[in-house]
Each structure stands twice: as C-alpha cells, then as structure tokens.
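Engineer: Okay, handing you the structure first.
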C-alpha cells in the first residue's frame, strides 16, 4: 500500500493537475456513478474538507481552516448529521456535550441534550434550548468565525448523508453499518474533488481498539481498492491530533453574553455578532 498521507506542500498542486485531465475526471465521475454530493465540488475546485458529523468551531476546526488556506485550498466541512448517536463515539458526545473555554479561565463541559432525547441522528438531536444539535453548533460557528474575521467560512458546509447512502446501495448495502459500503466512494471523492484533511493515526478513538479495527477493516481496504481501480491514490493531508482540539474557545465573549449563552443557548447570541 502507498503512504496514506500526501504532503501538504504538494496536495493542491496534485489536485489541480488531476482536474485538468478530462479523461481521468470522467473515469472518477463514472466510478462514483456520476453523482457528486454537492455542486460546490464540481470541477474545477480547490477545496479542502474536514469530514465530521456536525460542523463545529473547535480548536481542530480553526486549525484545519488555517492550514488549508496556507496550503492554497478553500476549507469546507463535510457533515453526516443523520449518523446515529452513540456514547461510544467521543466526537458525537463532544457535539452535544461541548468542552468550552469562557472568559476568566472558566471551563465547562455540559450536556445540551437530555438523556431521553439522545436517540437518532447526532445532528438531529433536540437540545434543551428547543433546537437541534446542528443549529446549536451552527450558531457557535457563526459567532466564532465572525469574531475572528472569517465570516466567509460559516456556510462552507455540505452534508454527505444522502450521498453516503446512495453510494453504499451501489456497493450492495442492504442493512446494518453503512461505512464499509460507502467508504470506497468516500476515498474516491478525495482523489479528484477535494483534499481530505484527517488524522487516521490519532484522535480520541486511538486509545481503544475501535480506531485500529476501523482502519484495518474499512479505511485501508477502501484506500487500496481506489488506488488499484483508478491508478491514483486519495489525497489525504494529515491534520495531526493533539490534546484539547475538541475545545471551543468562547473567551472573547463578555460576562453578559456568556450568561445569555448558558441560559438561552448559542442562538441567543446571533443578534450580537460582531468583532469583539
């Protein structure tokens, strides 16, 4: 198997060269059933994307955005809001139990979804504020990115849920876990339509056996198959995981704004969006 990762210094150049090869473009499109998940991925594009269940504005999200732009790419977030919530997945838990840094060094990590409501797609879960986990995180993104002057990033989001299911069905899916059936298509998407930023060697699942099993049974087989079938490897730039990447920094909010957030939720801050 080839090296899983592509050096960040050359990823944008390789992507651009591939997108100029019309025969290769047609081959990859055909491999995906001529179905691209979002119109913004239509070629040519210089997109980098981070695939998470619900787009957020954590330390990881901001690091990804900065690194992608440094690499000459436009950062986007690929979501999967309908994937079933489970407490076994740290990322899903962090979506509805966010780790937040406030002003004066205060830190919280509180559930925003009641126990009896933690059933269904992680992005669809109803929060204690009366709106979905996706809307809760979207408002945080809006506040954080506008505060940092990155307004243009707020709406750089596309959902892959419907695309995943259709690709899985094309691969023989009937019931059960979708991932083994759609992951080959997911890897193929990263050969031509954008550069995937990910760390398959670290993260909150690395300490358990879950990540290794997923890598061995899903990721590596899909990567190898795409490289063999298409003759090119997926473009994956490593976004190294480090402790604290799951946190959201809201220390720029004043006390009144922080209290309003804690009482009414993130959407209560939207009228106040400004550079603070």
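Engineer: Going by the conditions given, is residue 202 touching a helix residue (DSSP H, G or I) at 6+ places or on another chain (Cβ under 8 Å) and in contact (Cβ under 8 Å) with a residue 24 or more places away in the chain?
Structural biologist: No.
Engineer: Among the residues of the stretch 130-145, count how many are surrounded by 18 or more Cβ atoms within 10 Å (Cβ to Cβ), out of contact with any strand residue (DSSP E or B) (no Cβ under 9 Å at 6 or more places or on another chain) and more than 13 Å from residue 54 (Cβ to Cβ).
Structural biologist: Qualifying residue count for the region: 3.
Engineer: Filter the stretch 38-73 down to the residues that are touching a strand residue (DSSP E or B) at 6+ places or on another chain (Cβ under 9 Å), modelled with pLDDT under 95, closer than 21 Å to residue 227 by Cβ and not in a helix (DSSP H, G or I) and list them by number.
Structural biologist: Passing the criteria: none in range.
To keep it simple, each residue is scored yes or no on (1) out of contact with any helix residue (DSSP H, G or I) (no Cβ under 9 Å at 6 or more places or on another chain); (2) buried (at least 19 other Cβ atoms within 10 Å of the Cβ); (3) on the phi > 0 side of the Ramachandran plot.
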| site | (1), (2), (3) |
| --- | --- |
| 3 | yes, no, no |
| 30 | yes, no, no |
| 33 | no, no, yes |
| 52 | no, yes, no |
| 71 | no, yes, no |
| 81 | no, yes, no |
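Engineer: Could you count how many residues in the stretch 83-103 are without any contact (Cβ under 8 Å) to a residue 60 or more places away in the chain and out of contact with any helix residue (DSSP H, G or I) (no Cβ under 8 Å at 6 or more places or on another chain)?
Structural biologist: Here the count works out to 4.
Engineer: Out of all the residues in the stretch 200-231, which are over 21 Å from residue 190 (Cα atoms) and either loosely packed, with under 13 Cβ neighbours inside 10 Å or at pLDDT 75 or above (or both)?
Structural biologist: If the condition is that a residue be over 21 Å from residue 190 (Cα atoms) and either loosely packed, with under 13 Cβ neighbours inside 10 Å or at pLDDT 75 or above (or both), then 207, 208, 209, 212, 213 are the ones that fit.
The values are calculated or read from the model by the stated rules, or taken from the named source; none is laboratory data. Being a predicted model, the structure only gives us computed values, none of them experimental. Cβ coordinates were reconstructed from backbone atoms using ideal geometry, including for glycine residues, and neighbour counts include every protein chain displayed.
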